[in-house]
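Down below is the structure, laid out as structure tokens.
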Amino acid sequence: MEAEYLEGKHALTEALAAHTPLHKIYVSGQVAADKRCAPLLDQARQQGIDIERVSKHELDARSVRGAHQGIVAEMAPYEYAGLPDLVQAAVGAENALIIATDHVTDAGNFGAIARSAEAVGACGLLIPNKRNAQINAAAYKTSAGAVAHLPIAREANLVRSLESLKKEGFWIVGASEKAPQNVWEASLSGRIVLVVGSEGEGLSRLCEETCDLLVSLPQVGKIASLNVAQATTAIAYEWMRQCNAT
């Protein structure tokens, strides 16, 4: 996996605030000697991140945007979980939630979904390894660091993974505007996988056909439906409400 680099003081400040795992920080001699940068570098050291002084030429070589301001941070590779890890997290639980994203590509939406998943106590996220937002600096930022506290499995075949989870006792619930019943009418408590679709097209045909149940959100307004992150949050909290009511 190719290393991801964050460039500039602002990017590093945000990464440290989100506790993004960083492998190393490379700084120029000028930045290392700048007292204004000392608090930022001290914060990095407190998080156990190595800091190495390098030449401008080396910083330029790691820079993509050419705006490193004398500081570049290298992200540590994210260690994805496997599907068995998500199943293991649900062992012994009467109620368990896994959220699966069917090609959610926007980093902001994906981060918000991860944040909501962590907030309601989900066992983890299931994502496809292509055409879906991945775990990078943007995901740490938009999830407010939630991805660091949530198992995330990345699989090549989402439909096959859903079928495997069915065999482990999970019901597959798809979020769809076309669903015949809304979340207030559906039984969501127990062990479920909530599958949410892409920003533009919703659930893919194969994922929709794999679902045991499709649900929508009730709506009385005239504007378009909620975006995928907002909808996921609403359904996840309805799952939690129903679980606590039983």
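The values are calculated or read from the model by the stated rules, or taken from the named source; none is laboratory data. Only a predicted model underlies this, so the values are computations on that prediction, with no experimental measurement involved. Note that each Cβ is placed from the backbone with ideal geometry, even for glycine, and that neighbours are counted across all protein chains shown. What goes into the accessible areas is simple: the full protein's heavy atoms, side chains included, and nothing from ligands, DNA or RNA. Shrake-Rupley method; radii C 1.70, N 1.55, O 1.52, S 1.80 Å.
Taking the 1.4 Å solvent-accessible surface of the chain as the whole, the part contributed by carbon and sulfur is 49%. Using a/c under 1.5 as the rounded threshold, could you call the chain rounded, prolate or oblate? The axes a ≥ b ≥ c are square roots of the C-alpha gyration tensor eigenvalues, and prolate needs a/b larger than b/c, oblate otherwise. It comes out prolate by the Cα gyration axes.
Residue ranges 46-57, 82-93 sort as 82-93, 46-57 when ordered by packing (mean number of other C-beta atoms within 10 Å per residue, highest first). Extent of the range 1-131 along its three principal axes (Cα atoms, max minus min coordinate, largest first): 57, 30, 22 Å. Near Ile152: Cβ cut-off under 14 Å, other residues only, Lys/Arg at +1 and Asp/Glu at -1. The net charge is -2.
Dividing the summed -39500 (n - 2.57) terms of all DSSP H runs of n ≥ 4 by the residue count of the chain sets its mean residue ellipticity at 222 nm at -10500 deg cm²/dmol. Normalised by the number of residues in the chain, the mean separation of alpha-carbon contacts (under 8 Å, six or more apart) gives a relative contact order of 20 percent.
Solvent exposure of the range 1-123, expressed per residue, is 52 Å² of accessible area, with all protein chains present and a 1.4 angstrom probe. The listed peptides 111-119, 204-212, ordered by packing as a protection proxy, come out as 111-119, 204-212 (highest mean of other Cβ atoms within 10 Å first).
Of the beta bridges in the chain, as assigned by DSSP with both residues counted there, near 25 percent are antiparallel.
Per residue, the range 137-246 exposes an accessible area of 53 Å² to a 1.4 Å probe, with every protein chain left in place.
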